[in-house]
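Heads up, the thing below is written out as structure tokens.
The values are calculated or read from the model by the stated rules, or taken from the named source; none is laboratory data. Note that this is a predicted model, so its numbers are computed, not measured. Here the Cβ positions follow ideal geometry from the backbone for every residue, glycine too, while neighbour counts run over all protein chains shown. When the accessible area is computed, the model is the full protein with side chains, heavy atoms only, and any ligands, DNA or RNA have been set aside. Shrake-Rupley method; radii C 1.70, N 1.55, O 1.52, S 1.80 Å.
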Amino acid sequence: MAHTGRRDAPELPDFALLKRLAKDQLIYLLEQLPGKKDLFIDADLMSPLDRIANVTTLKQHEVDKLYKVEFKPVVSVSDQLCFLIRPRIQTVKWIADIVNTDKAAGRVRRYKIIFTPQKFYACETVLEEQGVYGDVTTDEWAFYLLPLDNDTISLELPEFFRDNFLEGDQRWVTTAGSALHLLHSLYGPFSKVYGMGRCAKMVYESWREQVEEGEQKTQQPEIGNVFLIDRDVDFVTPLCSQVVYEGLVDDIFRIKCGSVEFGPEVTSSDKSIKVMLNSQDKVFNEIRNEHFSNVFGFLSQKARNLQTAYDKRRGMDIQQMKTFVAEELKGLKQEHRLLSLHIGASECIMKKKTKQDFQELLKTEHSLLEGFEVRECISFIEEHINRQISMIDSLRLLCLLSLTENGLLPKDYRSLKAQYLQSYGIDHLLTFANLKQMGLLVEQQPGETLTVMESKVGKLVNDKTAGKLTDAFSSLAKKSNFRALSKRLVLIPKSGEEYDLRVPRDMAYIFSGAYIPLSCKLIEQVLERDGWTGLEEVTRMLNGHEFAVTGGTSVTETRIKTDPQRIVLVMFLGGCTYSEIAALRFLGREKGYKFIVLTTAITNSARLLEALLENQV
Amino acid sequence: MAFVTANWNPLGGTFYRKVELYEMGWSLKDGLRECLVAAAPYGGPIALLKEPQRRSPSARPQLEIYSSSGVTMASFPWKSGVVKQLGWTVCDDLLCIQEDGTVLIYDLFGSFKRHFSMGNEVGQSQVVEAKVFHSPYGTGVAIVTGASRFTLATNIDDLKLRRLPEVPGLHGAPICWAVLSQDRQSKVLVANGADLFILDYAACTAVSPPGLSPQATSIVHMCVSFSYKYLALFTDSGHVWMGSANLKEKLSEVETKVRDPPKQMTWCRRPKSQQPSVVIMWDQYLLVAGECKDTVSYPLDDVSVLVPELDGVRIISGTHHELLQEVPAACEEIFKIASMAPGALLLEAHKEYEKESQKADEYLREIKEQNLLGEAVKQCVEAAGHELEPETQKTLLRAASFGKCFLSNFAPEPFVCMCRDLRVLNAVRDYTVGIPLTHTQFKQMTVQVLIDRLVYRKLYPLAIEICRYLKTPEYQGVSRVLKHWACCKVQQKEEADEVIARTISLKLGEAAGISYSEIATKAYECGRTELAIKLLEFEPRSGEQVPLLLKMKRSQLALSKAIESGDTDLVYTVVTYLKNEMNRGDFFMTLRNKPVALSLYRQFCKHQEQDTLKDLFNQDDDHQELGNFYVKASYKERRLEAQIAHLQSAVDEYNKAKNDFASKATEEQMRLLRFQKKLEEEKGEALVGFSLHDTIRTLLAVGLHKQAEQLYKDFRVPDKRYWWLKLTALAEKEDWEELEKFAKSKKSPIGYLPFVEVCVKHHNRYEAKKYVSKVTPEQKVKAHLAVGDMEGAADAAIERRNEGEISTVLSRCSPTTDRALVERLNRAKTTAAKK
């Protein structure tokens, strides 16, 4: 890697423990239902479960057959059915139907539902309403955290985003609080907690309450600082096209639970290959955070190195050859395999992304971020919609336009929406309603300049009753204030200067030097200032809800940054992108921090927008 | 000090001692004569019921409750039925078992708590005898009726009555019986003459104690040890048989030479006891019988009661309270006359040291030579624990402390703990408190239970002092005591709500882990709702407030608190409760003011009750959401008419919401659907459900140009879109002729570069070239490059003198084949650059 970072960077805690805990508890729960049983698993739990316990482990604990929950009548003949599900009403209803069907057929079975990570009262109500409460036993598998990599942990709850930010349903807040509490009890105590956003505050409070209820342990902290941030603080960043390698792979191939399936076009054979993408993969580890334009250079260098390593064989005597085969060859072969896969993937990305339209798309995005030639951008978006190029991309550009311009002019708003509906159908009327509610795609209020808006927001924040009102409908009243924020925080590096993507000078490299992600910039600023002082203007534009709390443990040594003090847990509520993770890794290397990213799920522009579509239900 | 052994009596290899605990503080006219007496173990309270048989309303018997030292705690006339037996529960509640089988429960201070019955069948036959017993499962009650039937409840807090099987040949009350706790079950052992039976839930089994002396014709008394491990039987021949409670082993048999049935008999053992022994009481004297043939006897001058303890027997008489126990090994070693045990030597050494005599050194040396100093210190510490006199305790502890000085690595904990424990024990043994606990009992019962006992006695300051002194974690210690205090405080009816709330919050302010909701619940139970609400205000965890608020029917407040707590499950609980309690209108109104609860309920309705969702929007006049609701509903319909009907409703709602964009879009959709349907019927082309764009594309693809045109006009499709559509559709069909016609039909709104590019995309360079000339000058270079015409591109670029474009062309030229071109371009580039 080109940048080695500071040598005094602290060591990351070991998160393998989280997996062991989850596994032990799952086994315990399975044992609670002795005897052979069939296990039904929620489709989106399959991959996370696989990371914790494979099929062999499940079989060892008398799981006979495995099924995916597909909302169809079951064919299982087992006397015991066990369901491992997320606490969703729909799934519980399906189970209740199974029980009732069995009852009608006079069939007696035992049913057990294991909710993960917790059960909700609403689910039990459904069981009760369907009259099967007594026939089913329920349990909770406290599987809150899945380590995706040594610095990335996911709650694997993609629905957090929609439920919390669109539906106003706060049920996952406690879950997030419990997840934080789990980390706190294993790797804490945390000495300082910063946060930004309404949900962040609630999660903080939920966690705090759990800490107070539990017993206090004194142990050497492994994680010192925590930063909680809501996704709706920064929607711009996840809506931009990703151009670092890992982000691109996610955008194009969709990384699922830390692993990706490369299709035939990558493997250049007729079968697909599943690859784990993490720091264990040496090749990937070197290129994941790189801007895509550098990746080929790295890969070819790597190929040459590999060749040299292979070439060592020549001129070896028998003994040397023996050690070479025993010790190095396997590693080399493995590396070789991975290298060819990543080269394949890169070629595939190249094919898709070096096309003219992608370049223009990026250009438009950058213009929007800079607020430059907006009319041209609108024409581009219009053409994009008219030519039906991509449903999601068009939507993404519309949202970016609205976010960066603080809403669309009424004329544009109507005409772009109308054109979009012509292209993709009337059902998107509901999508637009959702986007409006989220403040992602809104109409500019006529006659309102930025300053007027600002003072209005300021007034609302001061006035307590009105503050409550805005709380409830915060997303309705929300203005992104992106332009002003970007000016104040200098998110857009000066244009005109040459930006060497090989030697990045700031986090903007993850967007080809065009934009420093707002979320990461906030984190940087707050850590630098050790709080929000001096950022009052910024927090006001972000609708407030910022906080910084020093933990109960004595932090006399804040001046001298001990190792745990420099380990920062960043929790994204509503998901984060691989680009943001890359930016934080960069920031960590620059400033001598180690960031651990804890997210409700890994997201990207497509996932984020798909969650807001209404016609998929 | 010299008299420590004065009250020791040898029995076999061990000694027994009788120590006075208190001179009783009560003044009883007739002592304990004609009294029902119950004293709780572990130095618990004493209950007296004088002349229980008296029934006349003019002279009711008096029920009195005293501490172990005879301090009055309660006294009141007994107005209920005839009491057969008194007993104490493990939490210091008094059980009064009546003749009719009713059991009344009172607290320490004589206030009635509750009652239960030992079964209906008791009624006629009446209770003839009852026993209260303690087991790991709580406090139990066993009764025997006049019909010789036993009924048993193992835990009165979880009442399950067991009627035991009949005993063959038993008529009337049995002579003697006892309750055993074996195999996790309570059983009754009953004697009928010389026959013994064990009654469990299922059966009545005859048993015989091994080696019972054959002279006996009847068993007249029996007792079970504190731990239920040992059993003693007294026969009419005057023999005491001692053995294991499972009747498998005999320990010893002693002949007492007294044939009268004893008044009371109890085991007198201690953990790690050296010999089993029982204490037998007759009217005039007391006898201790052990393994050997000898016995120890004490005269009795007053009616007394024996209270078995874990490590001895307490003897309560009208004037005194004494403890009879086997002298603990450590004490015996130290104080036995002429003992050479290390502890004894150390004590001696310390005495000499205090006298400043050098003999101290000799003694010490003697212990040290045998390497027993550690042992000596340990003995002194242990012995101190067993002594009740503070002076003796001090002497022993001083000796231990002295010995400790000569040891380098002696762990200090046992010594420190003993000092602390003794301080606590001496405090509770004080006459005013009256809990004569021994150290052994204290360790068995734990500090927590001791604190509880003090709390039951309302000795809050002492309890708090002890918690602080022993550094008990606040959560289990001080906070718990304060909570009990507060619960007691809220029952003081004479004080105003405001005053009580303030007092409580002042006292409890600092303490950790206080649950105000529990205190508030107590207040509510006492009928003080207002006070409860005031107290709840202090509860920092809003979640804790909710259940009580619901119970008090403050549902609105409960909902607010639930929302405040951030726990959605709690919010949901309240919502469900409200849904059942209120009428629909009020329910919706309530939700309307609470967005958090509303969104939660909406989420639920989305899956469970679609219609309720509609009602909710209706109630709120939320026409926008209603419109969305109908649009969504329209997807689910398969029939066109139904779809259109839903959409029409949506249009109406959108109109009401003044969202003319949405209403127009929906109207257009209805039009489109009708159009699609019509065409589908006419042309057999699947169209329904397509977007406008897709519909036009499909029409163009199958050559229905006229219809496509019609849609284009009817729906005011932007020209650009239509041109793109037609262009791609024609190119896809490779209908080049039609394309050319189309291109010429009028001036293209999208320019001609797309024509070039689309043709190239379909690999028709020939056609593409046709449009190159039409392209605007700015796009010329691009167009030429697209068709692969280097010359043309170069010409265009040079003509425009645009440096960037020239470079683009240059980068596409290959230096070998296009050498001339490259030169020309380079030249042009320099000129362009000069400008």
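Please work out the Cα convex hull volume for segment B:551-601 and give it in Å³ per residue. Walk me through the intermediate numbers first.
Working: hull volume 3.4 nm³, N = 51.
Dividing the Cα hull volume of segment B:551-601 by its residue count gives 67 Å³.
Given points 7 Å out from each Cα along the Cα-Cβ axis, report the B:Ser227 to A:Val503 separation in nanometres with one decimal.
Result for the modelled spin labels: 8.2 nm.
Quick one: Debye curve from the C-alpha atoms of segment A:53-152, no solvent, what's log10 I(q)/I(0) at q = 0.15 Å⁻¹?
-0.66
Between helix B:460-469 and chain B, what is the angle of the helix's C-alpha long axis to the longest principal axis, kept within 0 to 90° and rounded to the nearest 10?
That works out to roughly 80 degrees.
Per the 1.4 Å probe, what fraction of the accessible area of the protein assembly as shown, in percent, lies on carbon and sulfur atoms? Kindly include the intermediate steps, with their values, before the conclusion.
Working: 32150 of 64980 Å².
The C+S portion of the solvent-accessible surface of the protein assembly as shown is 49 percent.
Under Stokes-Einstein, with the Kirkwood radius over Cα pairs standing in for Rh, what whole-number D in µm²/s applies to segment B:784-826 at 20 °C and 1.002 mPa s?
Calculated translational D: 216 µm²/s.
May I ask for the angle, rounded to the nearest 10°, between helix B:390-404 and the longest principal axis of chain B, with both axes built from Cα atoms and the value confined to 0 to 90°?
Tilt relative to chain B: about 70 degrees.
For segment A:46-100, what is the Kirkwood estimate of the hydrodynamic radius, computed as the reciprocal of the mean inverse distance between distinct Cα atoms, to one decimal in Å?
Working: mean 1/r = 0.0794 Å⁻¹.
This gives a value of 12.6 Å.
Strictly over 18 Å apart at the Cα level, which of A:Lys37/A:Lys59; A:Lys417/B:Lys677; B:Lys336/B:Lys404 would you flag in this model?
Numbers: A:Lys37/A:Lys59 10 Å; A:Lys417/B:Lys677 25 Å; B:Lys336/B:Lys404 23 Å.
Beyond 18 Å: A:Lys417/B:Lys677; B:Lys336/B:Lys404.
Check cross-link reach from B:Lys483 to the lysines: straight Cα distance under 27 Å, and skip same-chain residues fewer than eight apart.
A:Lys217, B:Lys113, B:Lys443, B:Lys458, B:Lys471, B:Lys493, B:Lys507, B:Lys522, B:Lys534, B:Lys551, B:Lys553, B:Lys561
Using the Kirkwood radius over Cα pairs, work out the Stokes-Einstein diffusion coefficient for segment B:261-348 at 25 °C and 0.890 mPa s, in µm²/s as a whole number.
Values: Rh = 14.3 Å.
Diffusion coefficient, whole number: 172 µm²/s.
Quick one: which bits of segment A:422-438 get at least 40 Å² less accessible when the partner protein chains are in, versus the chain alone, with a 1.4 Å probe?
A:Gln422, A:Ile426, A:Leu429, A:Leu430
Quantify how much of the Cα-Cα distance distribution of the protein assembly as shown extends past 69 Å, in percent. Don't jump to the answer; show the numbers that get you there.
On the way: 322036 of 1053426 pairs.
It works out to 31 percent of all Cα pairs.
Report the FRET efficiency, 1/(1 + (r/R0)^6), for B:Arg638 and A:Glu360, where r is their Cβ-Cβ distance and R0 is 51 Å, rounded to 0.05.
Working: r = 41 Å, r/R0 = 0.81.
That gives a FRET efficiency of 0.80.
Calculate the FRET efficiency for B:Glu249 and B:Asp301 from the Cβ-Cβ distance with a Förster distance of 41 Å, rounded to the nearest 0.05. Write out the running numbers ahead of the final one.
Numbers: r = 38 Å, r/R0 = 0.92.
Approximately 0.65, to the nearest 0.05.
In terms of the ratio Rg/(2.2 N^0.38 Å) built on C-alpha atoms, what value belongs to segment B:165-224?
Numbers: Rg = 11.5 Å, N = 60, 2.2 N^0.38 = 10.4 Å.
Cα Rg divided by the expected 2.2 N^0.38 Å: 1.10.
Restricting things to Cα coordinates, could you compute the convex hull volume per residue of segment B:709-810 in Å³?
Details: hull volume 9.7 nm³, N = 102.
Residue-normalised Cα hull volume stands at 95 Å³.
Explain nothing, just compute: Karplus ³J(HN,Hα) = 6.51 cos²θ - 1.76 cosθ + 1.60, θ = phi - 60°, for every residue of segment B:9-18 in order, whole Hz, x for Gly and Pro.
Ordered by residue, 3J(HN,Hα) equals 10, x, 9, x, x, 10, 10, 10, 10, 10 Hz.
Please give the direction-averaged projected area of the C-alpha convex hull for segment B:151-251, in square nanometres with one decimal. The partial results should precede the final answer.
Numbers: hull surface 26.4 nm².
Mean projected area of the Cα convex hull: 6.6 nm².
With N set to the number of residues, divide the alpha-carbon radius of gyration of segment B:1-90 by 2.2 N^0.38 Å and report two decimals.
On the way: Rg = 17.5 Å, N = 90, 2.2 N^0.38 = 12.2 Å.
Working it through for segment B:1-90, the quotient is 1.44.
For segment B:37-167, with every protein chain kept in place, what is the accessible area per residue (1.4 Å probe, Å²)? Mind showing how you got there, number by number?
On the way: 4970 Å² over 131 residues.
I get 38 Å² per residue for this part.
Based on the inverse mean of 1/r over its pairs of different Cα atoms, what is the Kirkwood hydrodynamic radius of segment B:440-483, in Å?
Numbers: mean 1/r = 0.0985 Å⁻¹.
One over the average 1/r among Cα pairs gives 10.2 Å for segment B:440-483.
Roughly speaking, what % of Cα-Cα pairs in segment B:542-673 are separated by over 18 Å, rounded to a whole number? Mind dumping the intermediate values first?
On the way: 5075 of 8646 pairs.
Everything past 18 Å amounts to 59 percent.
What is the helix-to-structure angle for B:692-701, meaning the angle in degrees between its Cα long axis and the longest Cα principal axis of chain B, kept from 0 to 90 and rounded to the nearest 10?
50
How much accessible area per residue does segment B:406-471 have, counting only protein heavy atoms and a probe of 1.4 Å, in square angstrom?
Per-residue accessible area for segment B:406-471 comes out at 48 Å².
Where the centroid of each part is defined by its Cα atoms, how far is segment B:370-421 from segment B:463-542 in Å?
Each part reduced to its Cα centre gives a spacing of 41 Å.
What are the semi-axes of the equivalent ellipsoid for segment A:189-305, taken as the square roots of 5 times the Cα gyration tensor eigenvalues, largest first, in whole Å? Mind showing how you got there, number by number?
Working: eigenvalues 297, 67, 47 Å².
Over the Cα atoms of segment A:189-305, the ellipsoid semi-axes are 39, 18, 15 Å.
Gap in Å between the Cα centre of segment B:302-328 and the Cα centre of segment B:115-191?
Segment B:115-191 and segment B:302-328 have Cα centres spaced 27 Å from each other.
Starting from the alpha-carbon convex hull of chain B, give the projected area averaged over all orientations, in nm².
On the way: hull surface 278.8 nm².
Mean orientational projected area (chain B, Cα hull): 69.7 nm².
A:Ser340 versus A:Glu261, label points 7 Å from Cα toward the beta carbon: distance in nm?
Between A:Ser340 and A:Glu261, the simple spin-label model gives 2.2 nm.
Semi-axes of segment A:146-196's equivalent ellipsoid from the Cα gyration tensor, sqrt of 5 times each eigenvalue, largest first, rounded to whole Å? All intermediate terms of the calculation are to be shown ahead of the outcome.
Details: eigenvalues 97, 43, 19 Å².
In descending order, the three semi-axes are 22, 15, 10 Å.
For an R0 of 25 angstrom, estimate the FRET efficiency from the Cβ-Cβ distance between B:Lys79 and B:Ala173 and round to the nearest 0.05. Numbers along the way, then the final one.
On the way: r = 27 Å, r/R0 = 1.07.
In this case the efficiency is close to 0.40.
So, in Å, what gap is there between the alpha-carbon centers of segment B:749-783 and segment A:222-292?
What the calculation gives is 38 Å, centre to centre.
Compute log10 of I(q)/I(0) for chain A with the Debye formula, placing one identical point scatterer on every Cα and leaving out solvent, at q = 0.05, 0.06, 0.10, 0.12 Å⁻¹, to two decimals.
Debye output, listed in q order: -0.24, -0.35, -1.00, -1.39.
Using a 10 angstrom Cβ neighbour count of at most 13 plus a DSSP loop assignment to flag exposed chymotrypsin sites (Phe, Trp or Tyr not before Pro), which longest range of chain A is free of such sites? Show your work: numbers first, answer last.
Values: sites that count: A:Phe71, A:Phe372, A:Phe473.
Counting only loop sites that pass the neighbour cut-off, the longest clear stretch is A:72-371.
Give me the percent of Cα-Cα pairs in segment B:49-115 that sit more than 13 Å apart, rounded to a whole number.
On the way: 1389 of 2211 pairs.
The share of Cα pairs beyond 13 Å in segment B:49-115 comes to 63 percent.
Rounded to the nearest 100 Å², what is the sum over both chains of accessible area buried where B meets A, with a probe of 1.4 Å?
Values: alone 40520 and 28250 Å², together 64980 Å².
So the total buried area for this chain pair works out to about 3800 Å².
What per residue convex hull volume, in Å³, comes out for segment A:145-245 when only alpha-carbon positions are used?
On the way: hull volume 12.0 nm³, N = 101.
Here the figure is 119 Å³ per residue.
I'm a student and want to see the number: the projected area of the Cα convex hull of segment B:371-455, averaged over all directions, in nm². Intermediate results must be reported in sequence, preceding the final value.
Values: hull surface 22.7 nm².
Reported value for the Cα convex hull: 5.7 nm².
Any idea what the relative contact order of chain B is, in percent, if you count C-alpha pairs under 8 Å spaced at least 6 apart?
Relative contact order for chain B comes out at 5 percent.
Debye sum, Cα scatterers, segment A:114-188, no solvent: what log₁₀ I/I(0) at q = 0.14, 0.23, 0.24, 0.27 1/Å?
The Debye formula, applied to the Cα set alone, gives -0.57, -1.12, -1.16, -1.27.
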